[in-house]
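Input: one structure, supplied below.
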Amino acid sequence: MGPRVPLLAGVRALLAGAVVLALALGPGEVAPRAAAADLEPPALPEFSSTFGGLTSDVALRSGQTGYGALAELGARWLGTESFRVRAWLIRWDLGAAARGGVPGSVLPVTASLGGRAHVDAEAGRRLEPARPWSALVIAGAATDAEWLAPTSSRSATLSDLNGTERVSVTGRVRAGLGASWLGPGKALTAIAFLQEAHRPTGLSPAGLMFTEGGVGLRLELARAFSLRTDATWGTALSRQAGLGLSDRTTHVEVRGGASVWLGRRFWIGLDGSAARDTDRVSYPVSHTFYSTTSTPELAVTFSAGYSLDRR
Amino acid sequence: MKIVRTCTACSLAVLAAAIVAAACARARASWGLDAIDRMATPPDPPLACGVELGADPAAAMRAACAYGPGAPASETLGLDPSALATVPVRHVIVLMKENRSFDHLLGWLHDRGQPGVEQVPATWANPDGTGAAVAPFHETSTCVPWDPGHQSADLAAGIDGGRMDGFVLRAAFTTGTDGHVAMAAHDAPDLPFYYWLAATFAVSDRHFAPMASGTFPNRNFLLFGSNAGVVDTGNVYPPPNTPSLLQLLMNAGYTWGVYTDGTPLSGALGWRQGDPGVHPMQAFLDALDHGTLPNVAFVDGIDNVEDDHPPADLQRGETWVRTVYEHALASPQWLRLAIIWTYDEAGGFADHVPPPPGCPAGASEFTDRGPRVPLVVVSPWARRGYASHVEHDHTAITRLAEALFGLPALTGRDANSDALLDLFDFSCGRDLTVPPAPAAGTGACGP
């Protein structure tokens, strides 16, 4: 029972926070909605906030491979929309970019160039579409692939921990429950989710499958502002048959970010993330184990976008 | 709305500053080895002799890289486990120094008391930038001020596909000199104690750095049986959950210690003084004096001063090794000791023997070994005046510890290594006394 209490408390706190935010953002619409809904269906507009255009970002990070700095220039299409009279809420984020920089601070430092592509899509069913507040059921999937190659003849000067010279792929499938609030030009979702995530680890560059749970909060003001946070916790089990050992990796990750539009076409954003793996390496034959903690992976990304939409 | 956006932008800036500050304060990994400081070294079994190492029926299998992680040493060495358990050596001291090739440090050993080692070919030379051939030459100063490049790209250029002719050009590129320093070599009058150790005890003239790269990955091979994901020296460390010799020793109830007044393990794991298992040098000398050594001791001199890493004065490093030797010789545990004096990698100094590939090591894609480095087994049980030509790398030291303490192999590299056993003679009735050692050299570092 122990671990459930903070999780439930966290979900409750998130929902409470969402209510407070919703009240702050649009108290005029929230108060009369219940009475009006009983009389006649309100003519509530669909929510839509999309962006299609050019993006660039600079990411600074530290972790297992030291300090790194990578920049991207590419194209991205993302958005959040409701449809079928707000019964469905979908969110997507697709992008492809050229990527370059210094992935790690191994010596001598070597620059790398490559590319990255990502797809993140989520569909949500609002169970009470006529109301601003509704329970929400979501399902989604995401994948992110990156390939980098050194730019100089010093072809092997980077650690193979950081995926250099190979395609590094992460992915996840997610299902969750939560709440959705839709107001004029505003959308707020708060969900608790379970997911299966595949990601490389230090010992398994090819990746391990993690079973994870988490919570997420997203606030969007159409083409004006967005705020997103996710916190996940999960574990993966790997075995090395030759040595008869098992290794349970626990992954904890918190990420969040915000974007703000500056005029009709430009936006800037800032995202940050912190992740850490802890491991319990067990040797069953000798009944010994070692609890280890990896260097945390920290990242901060400054981004900017230029919309090519005709709005 | 403008106010909201201004506040948002301010908030983003503050958040950015906070995140950047947090990222700069890079947290360290935790290795989970704290229990080593509470472990007691098990008592040594009664001293035995007469262990017959005999033929090596598994040599062909090892040469074919047939063994994998988990393989017991008794199987891969073709020895009865009970015989291995009676080997008198119960404490291994790894004196891993820094950055000297075999030809650079002991290039005249063939003519200075150990004719069994391969002589440097008279025709071997490296071209310099003008095309002139640079042959090995006697470097009279023992404190060479230049540190030739010795990471993976440098070693690939130096080895040059096995032609062993790119060291001078690469040293010129990385030191800004004519690069001739790569062919410098020291003779017995410069390093009398080093030459005496190599000629008196058991020396290998086919010991290679396990990876054609720098300190970190090569030292990782000793501890993990692989480079553990690290390609070059820098501030990248192995994942702390990587199975290691340290874990295997502790699993079996045996102990280890890291001793230095400098950077533990030359920085390969990012450890510091005060970390679990790390002790100052005086604690090592005290352990020798009192007979309280752990089962495996990793001992390093002060960086660039005692560890022979350029620009250190080699004669100071030689004096440091002699101090260790004198304490070992006087130790109540002398008859249970084996000191492995070696170098982590060749440091960009030239060597004439092309490195053979090593067996695959776990998920590592690196099988290219680095140039030869000196390796001498100093022990009452060392085969006296013996020169071994068995090809191996640092994982042979790993395999020796695994053989002595009944541990499984970590990866395919140590599983298929020979454990240095031909450098030992455990027969009974031998004269275990050693002749007096010369003093370390002095005065070759200029005024």
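The values are calculated or read from the model by the stated rules, or taken from the named source; none is laboratory data. Note that this is a predicted model, so its numbers are computed, not measured. Glycine gets a Cβ as well: all are built from the backbone with ideal geometry, and neighbour counts include every protein chain shown.
Taking region A:194-224 on its own, how many of its residues are of a type outside the set (A, V, I, L, M, F, W, C), surrounded by 19 or more Cβ atoms within 10 Å (Cβ to Cβ) and more than 30 Å from B:N251 (Cα to Cα)?
Number satisfying all stated conditions: 7.
If you check B:E118 against the conditions, is it under 22 Å from B:P311 (Cβ atoms) and in contact with an Asp or Glu (Cβ under 6 Å, 6 or more places away or on another chain)?
Spelling it out, it is not the case that B:E118 is under 22 Å from B:P311 (Cβ atoms) and in contact with an Asp or Glu (Cβ under 6 Å, 6 or more places away or on another chain).
Still on this structure, please answer the following. Return the residues of region B:242-258 that are touching a Ser or Thr at 6+ places or on another chain (Cβ under 7 Å), within 11 Å of B:V296 (Cβ to Cβ) and part of a loop (DSSP other than H, G, I, E, B); say none if nothing qualifies.
B:T255
Which one is surrounded by the most Cβ atoms within 10 Å (Cβ to Cβ) among residues in region B:350-404 that are without any contact (Cβ under 8 Å) to a residue 40 or more places away in the chain and within 14 Å of chain A (Cβ to nearest Cβ)?
Top of the filtered list is B:T367.
Considering only residues that are closer than 13 Å to B:P127 by Cβ and surrounded by 24 or more Cβ atoms within 10 Å (Cβ to Cβ), which ones fall in region B:148-179?
Passing the criteria: B:G158, B:F167, B:V168, B:R170, B:A171, B:G179.
Also, quick follow-up: Give the residue that is farthest from the other protein chains (Cβ to nearest Cβ), with candidates limited to residues of region A:241-254 that are farther than 14 Å from A:D279 by Cα and crowded, with 18+ Cβ neighbours inside 10 Å.
Applying the filter and picking the extreme gives A:E253.
Can you confirm whether region A:225-232 contains a residue that is surrounded by fewer than 20 Cβ atoms within 10 Å (Cβ to Cβ), within 14 Å of chain B (Cβ to nearest Cβ) and outside any strand (DSSP E or B)? Please lay out each step first, then the result.
Here is the first cut: in region A:225-232, the residues surrounded by fewer than 20 Cβ atoms within 10 Å (Cβ to Cβ) are A:225, A:227-231.
From what's left, within 14 Å of chain B (Cβ to nearest Cβ): A:225, A:227-229.
If we keep only those that are outside any strand (DSSP E or B) as well, we get none.
No, the conditions are met nowhere in region A:225-232.
Something else: Only one of (1) more than 22 Å from B:R90 (Cβ to Cβ); (2) out of contact with any helix residue (DSSP H, G or I) (no Cβ under 9 Å at 6 or more places or on another chain); (3) part of a helix (DSSP H, G or I) fails for B:P357. Which number is that?
Going through the list (1) more than 22 Å from B:R90 (Cβ to Cβ); (2) out of contact with any helix residue (DSSP H, G or I) (no Cβ under 9 Å at 6 or more places or on another chain); (3) part of a helix (DSSP H, G or I), B:P357 breaks only (3).
I'm told B:D289 meets every condition in (1) away from every other protein chain (no Cβ under 14 Å); (2) touching a strand residue (DSSP E or B) at 6+ places or on another chain (Cβ under 7 Å) except one. Can you identify the failing condition by its number?
All conditions are met except number (2).
On to the next question. Within region B:125-148, work out how many residues are in contact with an Asp or Glu (Cβ under 9 Å, 6 or more places away or on another chain) and not in a loop (DSSP other than H, G, I, E, B).
Going through region B:125-148 one residue at a time, the tally reaches 4.
Count, please, the residues in region B:119-141 that happen to be of a type in the set (D, E) and touching a helix residue (DSSP H, G or I) at 6+ places or on another chain (Cβ under 7 Å).
Number satisfying all stated conditions: 1.
Go through region A:275-301 and count every residue that is within 7 Å of chain B (Cβ to nearest Cβ) and farther than 20 Å from A:L243 by Cα. Please lay out each step first, then the result.
Narrowing region A:275-301 to residues within 7 Å of chain B (Cβ to nearest Cβ): A:279, A:281, A:283, A:286, A:288, A:290-296, A:298, A:300.
Cutting the leftovers down to farther than 20 Å from A:L243 by Cα gives us A:293-296, A:298, A:300.
So the count comes out to 6.
So which residues in region B:1-60 are modelled with pLDDT of 85 or more, at the interface with chain A (Cβ under 10 Å from one of its Cβ atoms) and loosely packed, with under 15 Cβ neighbours inside 10 Å, if there are any at all? Walk me through it before giving the result.
Taking region B:1-60 and keeping what is modelled with pLDDT of 85 or more, we get B:29-48, B:56-60.
Now narrow it down to the ones that are at the interface with chain A (Cβ under 10 Å from one of its Cβ atoms): B:29-35.
Answer for region B:1-60, where residues must be modelled with pLDDT of 85 or more, at the interface with chain A (Cβ under 10 Å from one of its Cβ atoms) and loosely packed, with under 15 Cβ neighbours inside 10 Å: B:D34, B:A35.
Here is a follow-up. Of everything in region A:256-273, what is surrounded by fewer than 18 Cβ atoms within 10 Å (Cβ to Cβ) and touching a strand residue (DSSP E or B) at 6+ places or on another chain (Cβ under 9 Å)? Give them in sequence order.
Selection gives A:L262, A:R264, A:R265, A:F266, A:I268.
Give A:Y283, A:Y306, A:Y290 a once-over and let me know the one that is surrounded by fewer than 16 Cβ atoms within 10 Å (Cβ to Cβ) and aromatic (F, W, Y).
Numbers: A:Y283 fails: surrounded by fewer than 16 Cβ atoms within 10 Å (Cβ to Cβ); A:Y290 fails: surrounded by fewer than 16 Cβ atoms within 10 Å (Cβ to Cβ).
After ruling out the rest, the residue left standing is A:Y306.
Can you name the number of the only condition in (1) surrounded by fewer than 23 Cβ atoms within 10 Å (Cβ to Cβ); (2) under 21 Å from B:T242 (Cβ atoms); (3) touching a residue at least 60 places away in the same chain (Cβ under 8 Å) that B:P310 fails?
(2)
Now, a different point. Applying the selection to region B:227-249, what residues are in contact with a Pro (Cβ under 9 Å, 6 or more places away or on another chain) and either more than 7 Å from chain A (Cβ to nearest Cβ) or within 30 Å of B:P148 (Cβ to Cβ) (or both)?
Residues satisfying the conditions are B:N227, B:A228, B:G229, B:V230, B:V231, B:D232, B:T233, B:G234, B:S244, B:L248, B:L249.
Checking B:L293 against (1) in a helix (DSSP H, G or I); (2) farther than 25 Å from A:G66 by Cβ; (3) hydrophobic (A, V, I, L, M, F, W, C): exactly one of these is not met. Which one?
Looking at each condition in turn, B:L293 falls short on (1).
Just checking: which of the helices (runs of 4 or more DSSP H) contained wholly in region B:55-120 hold 2 or more residues that are under 21 Å from B:Y386 (Cα atoms)? Explain how you work it out, then say what you get.
Values: elements: B:59-63, B:73-77, B:81-85, B:102-106.
Of the helices (runs of 4 or more DSSP H) lying wholly inside region B:55-120, those with at least 2 residues that are under 21 Å from B:Y386 (Cα atoms) span B:102-106.
Just to verify a result, which residue in region A:193-217, among those that are touching a residue at least 60 places away in the same chain (Cβ under 8 Å) and under 23 Å from A:S180 (Cβ atoms), is farthest from the other protein chains (Cβ to nearest Cβ)?
Restricting to residues being touching a residue at least 60 places away in the same chain (Cβ under 8 Å) and under 23 Å from A:S180 (Cβ atoms), the top hit is A:G213.
Which residue is nearest to A:S168 (Cα to Cα), if the candidates are limited to region A:179-218 and must be of a type in the set (A, V, I, L, M) and more than 14 Å from the chain's Cα centre (by Cα)?
Selected residue: A:A206.
Which residue, of B:A363, B:A444, B:A437, B:A409, is out of contact with any strand residue (DSSP E or B) (no Cβ under 7 Å at 6 or more places or on another chain) and under 20 Å from B:Q333 (Cα atoms)?
Unique residue meeting the criteria: B:A437.
Return yes or no: is A:D309 part of a loop (DSSP other than H, G, I, E, B) and in contact (Cβ under 8 Å) with a residue 12 or more places away in the chain? Give the steps one after another, and end with the answer.
Values: part of a loop (DSSP other than H, G, I, E, B): yes; in contact (Cβ under 8 Å) with a residue 12 or more places away in the chain: yes.
Yes: the conditions hold for A:D309.
Shifting gears a bit: Against the definition (assigned to a strand (DSSP E or B), within 14 Å of another protein chain (Cβ to nearest Cβ) and on the phi < 0 side of the Ramachandran plot), how does A:T170 come out, yes or no?
no
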